[in-house]
Amino acid sequence: MDLIFEGIKKAFWLLITFDPEVMGITLLSLGVSGSATLISLLIGISTGVIVALSEFPGRRIAISLINTGMGLPPVVVGLFVTIFLWRNGPLGFFGILYTPTAIIIAQTVIATPIVMGITLAAIQQLPKKLRLQILALGATRLQMVWILIKEARLPLLAAVMAGFGGVISEVGASIMVGGNIKGYSRVLTTATVMETSRGNFDIAIALGIILLLLAYFINLILTQIQQRERPR
Amino acid sequence: MQSAEFGMERGSKDYKPILGIVNLEVKRGGITTLNIPSLFVQEGELLSLIGPNGAGKTTLLQTLSYLIKPSQGKIYFKGEELNSTRPVFEYRRKFAMVFQEPLLFDTTVFGNVASGLKIRGMNGMEIRSRVTEQLDRLGISHLSHRSAKTLSGGEAQRTSLARAFAIQPEVLLLDEPFSSLDPPSRDSIIEDLVGILRQTRTTTVFATHDRLEALRLSNRIAVMNDGRIQQIGSPGEVMNHPANEFVASFVGVETILTGKVIKKNGGTFIISISGQEIEAVGEAQIGEAVLLCIRPENVILSTRPSRETTSARNVFPGRIEKVISLGLYQKVQLNCGFPLIAYVTHHSIENLSLQVGKEVTASFKATAIHVVRRKQK
């Protein structure tokens, strides 16, 4: 019990004093996962809308692939991104393995299908006749897409949260492609894994608390959205 | 809005088609869902499309605004053929469409009414003035800042109508917009719609499965079934001279008479119909034109001479013109100076020995008449 109590006490001290190492790790984490989420939004929303609105052969297969992708195991992503970025790999000439950029790429691969899948569902959930109504109001195709995105803004916000929540708490891929280099590519999750294995529970708990807080805020926003979504 | 009696007929000087379709065919999955050799909508008229579900009313409306691409045929707008040289949204911007569901956007009432104008890139000042005008017209100004999600069915449909009118469309397309409303909301919203249409004289194509709605509002009625127009004409023509069996069974199940209110006493009033007087119950003004709908099962036939019968006030001698078997009962077509249809059982046919040419007395109660007040200037 003492171990836990001492750990928590020291963890709070680290947090309250804005320990530079903890803060550095946190900021890097936010930066990396934020960038990955942003990129995945661009790809995921545009592709999701296109798949939702168009008819093409193999559409069902594409949708089931996207849905499978929503549960992509991070270690598998980590494995393939590593292979691609490996010095002799197809993209090895970039020389970005074991950099924050590599983590952003891996996390983008993880978050994109999540955003895409939720976008797809959100757009498909809108009444089909709404599209007709928008076109009947004289909208161009682009205007229609924009109005549909605005109509689905709440579930899309959920997509943002789910994507971000997925990558900020992911450890497998980050450690594989980032290498957990101190002060360079060490993020909240990889640092927690390492500090725990070293027995440095205080710092691990501090990092854990930050992760928990982040998770809490994400869920708070999600819950707000869902509550607002409830009709009448 | 003009009434059917005024010069909206083909060939009159007023005849100006705003919208025309020729040899139009729509196919879906190899099945023809719409097949219309020709249809012209005249500027300023209200054309109703009536027919059962699946008759092609919605398909026709959506084809008119090019939401559905016809597999064949031509669409003309103000004499100009619609072709691919100009983007289709430019054509659609001349129309406004109101669906059965309000299909409002997740924003305020104001934002909804403004949406068509925003799509057209109109500036904020003009949007504000147009939206305010429409909110006013439809009596929903007080809801302006409410979220569309919190509206009742009637309020939502009013918002949807306001959104359509804000565009100031050249043609208004209504796809059963009132069928999911409760009767009081429906009546009041129709009342307001009639008022607005009278003012704006917007050309309107109105799909409905409610014959009475169509009777009340239309200059012309097109009866549809199986993707085809079975008959098109003034309400009187379609109702009293159905072109074929389908139209007859869809619209002609009751006797529909056009008359004028000449007297009022208490809760009842007297309508003059081709020289005869019929008493009906309800509200109406003297001099007002009304339609009387009399269901055939409410018409009682007897062979005794008139004035000896029952509590019914409306008693008319007439001659049997036709007897048609309808299975359980027989449909008897009478001429009482006006046409009248009665249903009688086989039993009564035998008892009264009813046959073509026989003189009988027909009676029906004042309460058995459905009065439709025609909207006029």
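The values are calculated or read from the model by the stated rules, or taken from the named source; none is laboratory data. Computed from a prediction, not measured in an experiment: that's the story for all the values here. Positions of Cβ are generated from backbone atoms using ideal geometry, with glycine treated the same way; all protein chains shown enter the neighbour counts.
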Members of segment B:75-108 found to be out of contact with any strand residue (DSSP E or B) (no Cβ under 8 Å at 6 or more places or on another chain) and more than 10 Å from every other protein chain (Cβ to nearest Cβ), listed by number: B:80, B:83, B:84, B:85, B:86
Lone qualifier among B:198, B:211 - being farther than 12 Å from residue B:291 by Cβ and of a type in the set (Lys, Arg): B:198
Residue in segment A:143-157 that is more than 14 Å from every other protein chain (Cβ to nearest Cβ), assigned to a helix (DSSP H, G or I) and without any contact (Cβ under 8 Å) to a residue 60 or more places away in the chain present: no
Residues within segment B:174-186 that are surrounded by 14 or more Cβ atoms within 10 Å (Cβ to Cβ) and part of a helix (DSSP H, G or I), tallied: 2
Flag for residue A:75 being surrounded by fewer than 18 Cβ atoms within 10 Å (Cβ to Cβ), more than 30 Å from residue B:94 (Cβ to Cβ) and not aromatic (Phe, Trp, Tyr): yes
Qualifying residues in segment B:136-152 (those that are among the small types (Gly, Ala, Ser), within 12 Å of chain A (Cβ to nearest Cβ) and in contact (Cβ under 8 Å) with a residue 40 or more places away in the chain) - the one nearest to residue A:134 (Cα to Cα): B:148
Pick from segment B:187-207, criterion buried (at least 20 other Cβ atoms within 10 Å of the Cβ) and not hydroxyl-bearing (Ser, Thr, Tyr), ranking: nearest to residue B:79 (Cα to Cα): B:205
Among the candidates B:129, B:179, residue that is among the polar types (S, T, N, Q) and modelled with pLDDT under 95: B:179
In segment A:1-52, the residues that are within 16 Å of residue A:214 (Cα to Cα) and among the β-branched types (Val, Ile, Thr): A:22, A:25, A:26, A:32, A:37
Residue under evaluation residue B:35, criteria (1) crowded, with 19+ Cβ neighbours inside 10 Å; (2) out of contact with any helix residue (DSSP H, G or I) (no Cβ under 6 Å at 6 or more places or on another chain); (3) of a type in the set (S, T, N, Q), criterion not met: (1)
Considering residues of segment A:179-189 that are under 22 Å from residue A:215 (Cα atoms) and over 16 Å from the mean Cα position of the chain (by Cα) only, the residue surrounded by the fewest Cβ atoms within 10 Å (Cβ to Cβ): A:180
Single condition residue B:72 does not satisfy, out of (1) modelled with pLDDT under 90; (2) more than 14 Å from chain A (Cβ to nearest Cβ); (3) surrounded by fewer than 17 Cβ atoms within 10 Å (Cβ to Cβ): (1)
Selection from segment A:84-93 of residues that are surrounded by 14 or more Cβ atoms within 10 Å (Cβ to Cβ) and in a helix (DSSP H, G or I): A:84, A:85, A:92
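Condition check ((1) outside any strand (DSSP E or B); (2) in the same structural domain as residue B:235 (by TED's automatic domain parsing); (3) over 25 Å from residue B:16 (Cβ atoms)) across all residues:
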{"position": "B:52", "(1), (2), (3)": "yes, yes, yes"}
{"position": "B:58", "(1), (2), (3)": "yes, yes, yes"}
{"position": "B:61", "(1), (2), (3)": "yes, yes, no"}
{"position": "B:75", "(1), (2), (3)": "no, yes, no"}
{"position": "B:84", "(1), (2), (3)": "yes, yes, yes"}
{"position": "B:110", "(1), (2), (3)": "yes, no, yes"}
Test: residue in segment A:129-140 that is under 22 Å from residue A:19 (Cα atoms) and either crowded, with 20+ Cβ neighbours inside 10 Å or more than 14 Å from every other protein chain (Cβ to nearest Cβ) (or both): no
Residue ID - farthest from residue B:201 (Cα to Cα), chosen from residues in segment B:336-377 that are of a type in the set (S, T, N, Q) and surrounded by fewer than 18 Cβ atoms within 10 Å (Cβ to Cβ): B:351
Only listed residue being touching a residue at least 60 places away in the same chain (Cβ under 8 Å), more than 30 Å from residue A:199 (Cα to Cα) and assigned to a helix (DSSP H, G or I), chosen from A:35, A:46, A:29: A:35
Complete set of residues in segment B:86-108 that are in a strand (DSSP E or B), of a type in the set (Val, Ile, Thr) and either farther than 23 Å from residue B:131 by Cβ or within 24 Å of the chain's Cα centre (by Cα) (or both): B:98
Hey, residue A:175 among the β-branched types (Val, Ile, Thr), away from every other protein chain (no Cβ under 14 Å) and assigned to a loop (DSSP other than H, G, I, E, B) or not: no
Condition check for residue B:213: over 24 Å from residue B:105 (Cα atoms), acidic (Asp, Glu) and either surrounded by 19 or more Cβ atoms within 10 Å (Cβ to Cβ) or at pLDDT below 90 (or both): yes
Top-ranked residue in segment B:114-134 [being in contact (Cβ under 8 Å) with a residue 40 or more places away in the chain, over 23 Å from residue A:128 (Cβ atoms) and part of a helix (DSSP H, G or I); ranked as nearest to the other protein chains (Cβ to nearest Cβ)]: B:117
Residues of segment B:316-335 satisfying the condition of being buried (at least 18 other Cβ atoms within 10 Å of the Cβ) and hydrophobic (A, V, I, L, M, F, W, C): B:316, B:320, B:332, B:334
Residues that are over 22 Å from residue B:36 (Cβ atoms) and touching a His at 6+ places or on another chain (Cβ under 9 Å), drawn from segment B:172-223: B:179, B:212
Residue within segment B:151-166 that is more than 25 Å from the chain's Cα centre (by Cα) and either surrounded by 20 or more Cβ atoms within 10 Å (Cβ to Cβ) or at pLDDT below 95 (or both) present: yes
